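Structure record follows, encoded as structure tokens.
The values are calculated or read from the model by the stated rules, or taken from the named source; none is laboratory data. Keep in mind the model is a prediction, meaning the values are calculated, not measured. Here the Cβ positions follow ideal geometry from the backbone for every residue, glycine too, while neighbour counts run over all protein chains shown. In case anyone asks, the SASA skips ligands and DNA or RNA and just uses the protein heavy atoms, side chains included. Shrake-Rupley method; radii C 1.70, N 1.55, O 1.52, S 1.80 Å.
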Amino acid sequence: MNHFSRMLNKQIKLKITGHSFKGILTDFGNDILVLFDGQKFFYIPLLHVQKAVLIEGDDQDIIKPEAMPFPQDDSPISYRSILTNAKGLYTQVYVIGKKTLHGTIIHVLSDYLVLYSPVYKLIYIPLAHLKWLTLYEQNTSPYSVRIELPDTSSLSRSFEEQLKKFEGKIAVFDMGEDPDKIGLIKNGKGNLIELINANGEAVYFKLNHVKSVYLP
């Protein structure tokens with residue numbers, strides 16, 4: 001973490017899985033970085049950071065922000081504390097492919113979060129696969145609509161337990177980028193998911209590779 005201490009409040013280039021960023025490193029914790037790109041704060045789990053490079057000289061063209069989005073105290077930030085602070089706020093998150101998701105984080109469980117999207121409704125995202133999140137500006141919302149949150153009182157603590165409840169239902173895994181990950185959940189127990197695809201074929205894939213799931 002001493003490396004990030006030397007980069008604090010300086011401009012850096014950051015490469016993560018699927019994205020590159022340029023901005024000011026405004027804060028960091030043991031498992032998360034906070035980057036300001038001149039317009040937005042990006043909260044980036046350290047798990048997905050592939051490279052960080054300090055920018056020096058004339059390339060420093062981003063003005064340091066006047067304030068941080070969340071109240072700050074003396075305790076170090078963490079991935080989970082950022083997610084907890086973001087609950088109920090309008091957010092944009094990146095999980096997979098070229099698609100970002102827009103909505104509201106309504107629950108943070110032991111190893112997954114639940115995002116409510118006006119488009120996809122409830123999306124279940126394992127914490128290990130969220131690449132970054134950023135907040136909407138005040139008084140703005142995804143698609144300029146007011147989001148009415150659903151009742152989610154029956155959620156399970158773990159992602160595996162939640163998938164068991166979806167057995168016998170049609171589900172879309174990993175935002176449907178792979179057609180074989182859209183279908184009927186035959187078996188959601190254990191580390192191997194069994195899915196019946198549109199052609200009636202049984203497809204198996206590992207639970208720890210699942211980046212998101214929602215019920216259409």
Seminar exercise, completed: If we keep only residues of the range 177-216 that are of a type in the set (S, T, N, Q) and free of Cβ contacts under 8 Å to residues at least 40 places away in the same chain, then the residue farthest from residue 119 (Cα to Cα) is 191
For this session: For the range 182-198, enumerate the residues that are surrounded by fewer than 21 Cβ atoms within 10 Å (Cβ to Cβ) and touching a Phe, Trp or Tyr at 6+ places or on another chain (Cβ under 6 Å).
Result: 192, 194
Problem set entry | Yes/no for residue 163 being touching a residue at least 12 places away in the same chain (Cβ under 8 Å), open to solvent by less than 30 Å² (accessible area, probe 1.4 Å) and not charged (D, E, K, R) | yes
For this session: Scan the range 139-148 residue by residue and report those that are within 26 Å of residue 165 (Cα to Cα) and loosely packed, with under 11 Cβ neighbours inside 10 Å.
Result: 148
For this session: Tally the residues that are part of a loop (DSSP other than H, G, I, E, B) and buried (at least 16 other Cβ atoms within 10 Å of the Cβ), restricting the search to the range 5-30.
Result: 1
Exercise. Here are 151, 174: which of them is surrounded by fewer than 19 Cβ atoms within 10 Å (Cβ to Cβ), of a type in the set (Asp, Glu), more than 17 Å from residue 45 (Cβ to Cβ) and without any contact (Cβ under 8 Å) to a residue 24 or more places away in the chain?
Worked result: 151
Seminar exercise, completed: Screening 83, 47, 33 for residues that are out of contact with any Ser or Thr (no Cβ under 6 Å at 6 or more places or on another chain) and not in a helix (DSSP H, G or I) leaves only 33
Exercise. Is there any pair with a first residue in the range 131-148 that is closer than 26 Å to residue 16 by Cβ and a second that is part of a helix (DSSP H, G or I) and open to solvent by less than 40 Å² (accessible area, probe 1.4 Å) whose Cβ atoms are under 9 Å apart and which are 6 or more apart or on different chains, and what are they?
Worked result: 131/48; 132/48; 133/82; 133/83; 133/86; 135/86; 136/142
